[in-house]
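One structure is given below, encoded as structure tokens.
The values are calculated or read from the model by the stated rules, or taken from the named source; none is laboratory data. All values derive from a computational prediction rather than experimental measurement. Cβ placement follows ideal geometry from the backbone for every residue including glycine, while neighbour counts extend to all protein chains displayed.
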Amino acid sequence: MTAPSSPQDRVVLAEYVASAETEKQFPPPTLAEIAFLGRSNVGKSSLMNRLMERSGLVRTSNTPGCTRKVSWFRARAQDSAELFLVDLPGYGYARRSKAERSEWSRLIEDYLTTRPSLRVAAILLDVRRDPEEEERDLREFLTTQSSASRPPLSLLFVATKLDKIPKNAQKPRLTALSEKLGQRVFGFSAETGEGRVPLWRAIRTGAGVGPLPSPSSEA
């Protein structure tokens, strides 16, 4: 993996802050927040660990649907900019009970609609599959449902597991996904770190701690 090219790209501090099972347990909204959403097996925890340049900070599991809480992680870049990266429970895992899935859905909706410090929502999908109704519905929900006093959310789509397809197929696949969704899709590999800098810079821009110049070559 190519090392981050500027102080803005390097994470010098990353730490767990809090977890919540209800809105009342949410920590104070002191920093701009980036929410990460996706199916339970999309590699969300691995992406967040790689994004913060840490190993094992965000819990990963071989069991889909493991995350049951909203969890906050603070990241500080070398230029002193700070953000909260927020891990939300995965969706689309049918082996969980209907009541359990309904409870998680309410928790996610409470966070997404009421959190005043939320600035960016990153919707993750596996690069090997096409966007489905859940991703489109989630985008619609994020752009229309909010009771919080905050700026409009910046929405990012991220195709994970980029290393699972051949190198020469990556750019065409990302182009095809972007066309299907009508907006840019960022490619990302937690295994190799490919795509970390472009995504990190887009997050910083959307969170209002940029803008930063785009790298010359992007995944």
For this session: Scan (1) of a type in the set (A, V, I, L, M); (2) closer than 18 Å to Lys44 by Cα; (3) modelled with pLDDT under 90 for the single condition Ala99 breaks and write down its number.
Result: (2)
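Do you know which residues across region 75-93 are assigned to a strand (DSSP E or B), over 14 Å from the mean Cα position of the chain (by Cα) and crowded, with 17+ Cβ neighbours inside 10 Å? Steps first, answer last, please.
Pass one, region 75-93, residues assigned to a strand (DSSP E or B): 75-77, 82-87, 91.
Add one more test, that the residue is over 14 Å from the mean Cα position of the chain (by Cα), and what stays is 76-77, 82.
Correct list: Arg76, Ala77.
Can you confirm whether Arg50 is basic (Lys, Arg), closer than 21 Å to Ile203 by Cα, surrounded by 17 or more Cβ atoms within 10 Å (Cβ to Cβ) and modelled with pLDDT under 90? Explain how you work it out, then say what you get.
Details: basic (Lys, Arg): yes; closer than 21 Å to Ile203 by Cα: yes; surrounded by 17 or more Cβ atoms within 10 Å (Cβ to Cβ): yes; modelled with pLDDT under 90: no.
Spelling it out, it is not the case that Arg50 is basic (Lys, Arg), closer than 21 Å to Ile203 by Cα, surrounded by 17 or more Cβ atoms within 10 Å (Cβ to Cβ) and modelled with pLDDT under 90.
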Seminar exercise, completed: Reported set for region 131-184 where residues are among the polar types (S, T, N, Q) and touching an Asp or Glu at 6+ places or on another chain (Cβ under 7 Å) is Thr160
Problem set entry | Failed condition for Ser45, given (1) of a type in the set (Ser, Thr, Tyr); (2) in a helix (DSSP H, G or I); (3) surrounded by fewer than 21 Cβ atoms within 10 Å (Cβ to Cβ) | (3)
For this session: Considering each of Glu135, Glu194 in turn, give the residue that is within 16 Å of the chain's Cα centre (by Cα) and either exposed (fewer than 13 other Cβ atoms within 10 Å of the Cβ) or not in a helix (DSSP H, G or I) (or both).
Result: Glu194
Exercise. Taking interchain pairs and intrachain pairs at least six residues apart, which have beta carbon atoms under 6 angstrom, with the first residue in region 40-67 and on the phi > 0 side of the Ramachandran plot and the second modelled with pLDDT under 80 and of a type in the set (Lys, Arg)?
Worked result: Gly65/Arg96
Exercise. Filter region 14-42 for residues that are of a type outside the set (A, V, I, L, M) and part of a strand (DSSP E or B); which is surrounded by the most Cβ atoms within 10 Å (Cβ to Cβ)?
Worked result: Phe36
Problem set entry | Matching residues, region 147-188, being without any contact (Cβ under 8 Å) to a residue 60 or more places away in the chain and part of a loop (DSSP other than H, G, I, E, B) | Ser147, Ala148, Ser149, Arg150, Pro151, Pro152, Leu153, Ile165, Pro166, Gly182, Gln183, Arg184
Exercise. Is it fair to say Leu174 is buried (at least 18 other Cβ atoms within 10 Å of the Cβ), in contact with a Gly (Cβ under 6 Å, 6 or more places away or on another chain) and at negative phi?
Worked result: yes
